[in-house]
Amino acid sequence: MLPKYKRILLKLSGEALMGDANYGIDPKVIAQYAYDIKAVTDLGVQVAIVIGGGNIYRGMNEVDTGIERAQGDYMGMLATVINGMAMQSGLEKVGLYTRLQSAIKMEQIAEPYIRRRAIRHLEKGRVVIFGGGTGNPYFTTDTAASLRAIEIQADVILKGTRVDGIYTADPEKDKTATRFETITFTEVYQKSLNVMDMTAFTLCQENKLPIIVFDMNRQGNLLSVIMGKNVGTLVKG
């Protein structure tokens, strides 16, 4: 069987990198992600990655922290670069070639984000990790993922979470919640479901970019999604 998607943008949660800890990066999570990503690149799938920074720093209420929103957002962007470096190291340990690109210039550790260069890396089979968010405060890493996916002409955004799709309610709180196999962008709006932040979600809708929400922490799920199996929830239309 051939992969259903040729070029993907994988959005990973920073919190997921913590594993069972309350902070930081769990090497076992990085290793599992690296093996799963290698399994799909071995099929010729081009992979770009955006990782959140919530395991290190999450922008908080200015009233509580005394740190203004823009400053806090820049701190969060730096956290995404740290996570990107950790993911890069994990991927290279399993034999993959990678490039880390940052929206904020850090020439000693990452290339500056250049769209055409990123696409060329993907065409050469390198995994490209986008760090630094969009480079601007007031935007989430969900928005960065949507923007980069559109720019590199990805076939789909794969949003790896701790939950195996989109449910009628929070499955951790409501045991009667049921999972959607497919759902439209309009239905997500109408049902007020939390998939991505509204800016990111609208970008995907306007550019007809499908989203698949799935459980990245279950080994082999990424490969199943790539092969078109019924894993997670597909948002389209």
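The values are calculated or read from the model by the stated rules, or taken from the named source; none is laboratory data. Remember, predicted model here, so these are calculated numbers, not experimental data. All Cβ positions, even for glycine, are placed from backbone atoms using ideal geometry, and neighbour counts span all protein chains on display. SASA here: full protein model, heavy atoms, side chains in, ligands and nucleic acids out. Shrake-Rupley method; radii C 1.70, N 1.55, O 1.52, S 1.80 Å.
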Mind checking which of 78, 51, 101 is farthest towards the positive end of the range 48-155's charge dipole, using Cβ charges of +1 (Lys, Arg) and -1 (Asp, Glu) about the Cα centre? 101
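Considering only DSSP beta bridges where both residues belong to the chain, give the percentage that are antiparallel (nearest 5).
Details: 4 of 33 bridges.
If we restrict to bridges inside the chain, about 10 percent are antiparallel.
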Can you give me the long-range amide H partners of residue 129? Hydrogens built in the peptide plane at 1.01 Å from N, cutoff under 5 Å, separation of 5 or more residues or another chain. 49, 99, 100, 101
For the chain, with all protein chains present and a 1.4 Å probe, just round the carbon and sulfur fraction of the accessible area to a whole percent. 49
Cα centroid separation, the range 24-103 to the range 159-187 (Å): 24
Tell me, what is the per residue accessible area of the range 90-157 in Å², probe radius 1.4 Å? 48
Tell me, what ³J(HN,Hα) does each residue in the range 189-198 have, in order and in whole Hz, if you take phi through Karplus 6.51 cos²θ - 1.76 cosθ + 1.60 with θ = phi - 60° and put x for Gly and Pro? 4, 5, 8, 6, 7, 9, 9, 9, 5, 4
In Å and whole numbers, how far do the C-alpha atoms of the chain stretch along each principal axis, longest first? 50, 48, 36
Which three numbers, in whole Å and largest first, are the semi-axes of the equivalent ellipsoid of the range 40-102 derived from its Cα gyration tensor as √(5λ)? 31, 10, 9
Under a straight-distance cross-link criterion of Cα-Cα below 23 Å, which lysines are reachable from residue 173, leaving out those fewer than 8 residues away in the same chain? 159, 191
Heavy-atom accessible area of residue 186 with all protein chains present, probe 1.4 Å, nearest 10 Å²? 60
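Counting only helical runs of four or more DSSP H residues, what would the 222 nm mean residue ellipticity of the chain come to if each run contributes -39,500 (n - 2.57) and the total is spread over all its residues?
Working: 8 runs with 86 residues, N = 237.
Dividing the helical sum by the residues of the chain leaves -11000 deg cm²/dmol.
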